[in-house]
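Only the coordinates and a few stated rules stand behind these numbers; no lab work does. Treat the numbers as computed from the prediction; the structure is a model and nothing was measured. As a convention, Cβ positions derive from the backbone with ideal geometry for all residues, glycine included, and neighbour counts pool all protein chains shown.
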Amino acid sequence: MKKIATKVIHEGYTPEPLAGCVSPPVYLSTTYIQDGVGNFKDHDYCRTSHPNRNMVEDNITALEEAYGTAGFASGMAAISTLILTLKASDHVIVSGNVYGGTYRVFTKVFEKFDIKFSFVDTTDLKNVEDAILDNTKLIYVETPTNPLMDITDIKAIADLAHSKNLKLCVDNTFMTPIFQKPMTLGADYIIHSATKYLGGHSDVLGGFLCCANKEDLEEVKFIQNSCGAVLSAFDSWLILRGIKTLSVRMMAHQQNAIKVAEMLENHPKVAKVFYPGIKSHVNYDIGVSQTSGFGGMLSFELKSGTPENFLKELKVFTLAESLGAVESLVCIPALMTHASVPKEQREILGIADGLIRLSVGIEDTEDILEDLKRAIDCA
Ligand SMILES: *Cc1c(COP(=O)(O)O)cnc(C)c1O
């Protein structure tokens, strides 16, 4: 089997026969000719399937070693479609500190339809076991979590889920298939916000839902076609192009993040560092056993000073929501990405008001370190 650095570039598209374009054309047509009634080639209508969307879906399927993939207009559309496979009174067990938007859609939208959610610390298998009810259908895990980088043992949860006839979904946005392949560890579904590392350039919104088997994929595609939050032609094209450099980008993100984590750990003005790649990380051993890398996301707390003063001094890091693109970004989760999580819930999760999250970009390492050191000194 081809290695992943080859797959990111070649899977999903071979030069088309008409003009032999090495880079795929963007197919804008919304409908397709039929030889006779109902007798079409590969596609009949663009909401159902589309050449550019199929290319990027096939690429992700190969990278994640999935059975198949559906491409959505956003990560949230992919997550919502997964929940639409359930019905009223079904129960879902969810990692405690999931992405803020995931928490919001589960509690503020789907609970209205009587789907039940229990948020538990999935880093401890016992918590998951205790939360299983007669109506539990799905376990939804994010690993590492955002912004504290908690790590859940995917294989252990997959084994537990399957022993109870439940399905397991893993949000793989942070690690990407370059570092973590949940389906090889037993996951039934994988979620991606392609807006982050897959796209990689802060210029496209998208999401994917990968399925491990034919029945699940057919159900997901049926709901996708019925509800319609599909990935557009140009966005499919942009994400496929972004993925071509995923392998080199992830290595560069990680190289810089390791250097930043080491610097922060040894800095007298830094109180705590959360990065899966440092030995002091609580879940370091599980992380090492299930991933081939640690990614480019980390968080830290200052001993003294204020995040506001720190932010004012930064020149390389940009204050912004989102993550996973070439440029370094900084955010204050309590005020930004996790503002939709109530303060009491944030405190339970350990997301301090002063927690600073970094999405370490691929700029020059020295420039990144210098920027952070200066801002910490001025904080
Ligand atoms: C951003 C994000 C999402 C939501 O994706 P959108 O593309 O913004 O809709 C879901 N999960 C994680 C981990 C994310 O970072």
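Under 1.5 on a/c is rounded, so check that first for segment 6-101, then, if it is not, pick prolate when a/b is larger than b/c and oblate when it is not; a ≥ b ≥ c are the square roots of the alpha carbon gyration tensor eigenvalues. Oblate. For the chain, the relative contact order works out to 18 percent when only alpha carbon pairs closer than 8 Å and six or more residues apart are counted. Quick one: grab the alpha carbon gyration tensor of the chain, order the square roots of its eigenvalues as a ≥ b ≥ c, and give me rounded if a/c is under 1.5, else prolate or oblate depending on whether a/b is larger than b/c. Because a/c hits 1.5 or more and a/b fails to exceed b/c, the chain counts as oblate. Taking the fewest neighbouring Cβ atoms within 10 Å as the starting point, the ordered list for Phe106, Phe40, Phe294 is Phe40, Phe106, Phe294. Computed extension gain for Ala5 through Asn135, at 0.36 nm per residue and net of the alpha carbon distance, reaches 42.6 nm. DSSP bridge analysis restricted to the chain gives an antiparallel fraction near 55%, rounded to the nearest 5.
Taken one residue at a time, the phi angles of segment 33-48 give Karplus couplings (6.51, -1.76, 1.60, θ = phi - 60°) of 5, 10, 5, x, 4, x, 9, 9, 6, 9, 9, 10, 8, 6, 5, 6 Hz. Gly and Pro are set to x. With the simple spin-label model, which puts each label point 7 Å out from Cα in the Cβ direction, the Lys303 to Leu28 separation comes to 6.0 nm. Ellipticity at 222 nm from helices only: DSSP H runs of n ≥ 4 in the chain, each -39500 (n - 2.57), divided by the residue count, give -10500 deg cm²/dmol.
Taking the chain as a Gaussian network of alpha-carbon nodes connected by springs under 10 Å, the highest mean-square fluctuation of the residues Ile356, Ile79, Ile348 belongs to Ile348. Pairs from the list Lys279/Lys312; Lys155/Lys343; Lys181/Lys244; Lys3/Lys214 with a Cα-Cα gap above 21 Å: Lys279/Lys312; Lys155/Lys343; Lys3/Lys214.
Distant-in-sequence amide contacts of Asp171, defined by a placed amide H-H separation under 5 Å and a gap of 5 or more residues or a different chain, comprise Val141, Glu142, Thr143, Ile191.
Summary of packing: across the peptides 15-25, 306-316, 206-216, 268-278, the per-residue average of other C-beta atoms within 10 Å ranks them, highest first, as 206-216, 268-278, 306-316, 15-25. Projecting the Cα atoms of Cys227, Asn97, Ile132 onto the charge dipole of the chain (Cβ charges, centred on the Cα centre) puts Cys227 farthest toward the positive pole. With a ≥ b ≥ c the root eigenvalues of the C-alpha gyration tensor of segment 169-238, is it rounded (a/c under 1.5), prolate (a/b larger than b/c) or oblate? It comes out oblate by the Cα gyration axes. One decimal place: the segment Lys343-Lys269 gains 24.1 nm when fully extended, by the rule 0.36 nm per residue minus the C-alpha distance. Pick from Met297, Met251, Met175 the residue whose mean-square fluctuation is largest in a GNM of the chain, springs joining Cα atoms under 10 Å. Looking only at Met297, Met251, Met175, the largest GNM fluctuation is found for Met251. Within the set of other residues whose C-beta is less than 15 Å from the C-beta of His281, count the net charge using Lys and Arg as +1 and Asp and Glu as -1. So the environment of His281 carries a net charge of -4. When the chain is treated as a GNM with alpha-carbon contacts under 10 Å, the residue of Thr184, Thr176, Thr143 showing the greatest mean-square fluctuation is Thr184.
Here the gap between Ser292 and Thr318, fully extended at 0.36 nm per residue and compared with their Cα-Cα distance, gives a gain of 6.5 nm. Exposure proxy for Lys7, Lys303: other Cβ atoms within 10 Å of each Cβ, ordered fewest to most, give Lys303, Lys7.
Only Lys, Arg, Asp and Glu carry charge here, each on its Cβ (+1 for the first two, -1 for the last two); on that basis segment 51-111 has a dipole of about 300 debye about its Cα centre. Going from the fewest other Cβ atoms within 10 Å to the most, the residues Asp353, Asp153, Asp114 appear in the order Asp114, Asp353, Asp153. Think of each Lys and Arg Cβ as +1 and each Asp and Glu Cβ as -1; about the Cα centre, that makes the dipole of the chain roughly 180 debye.
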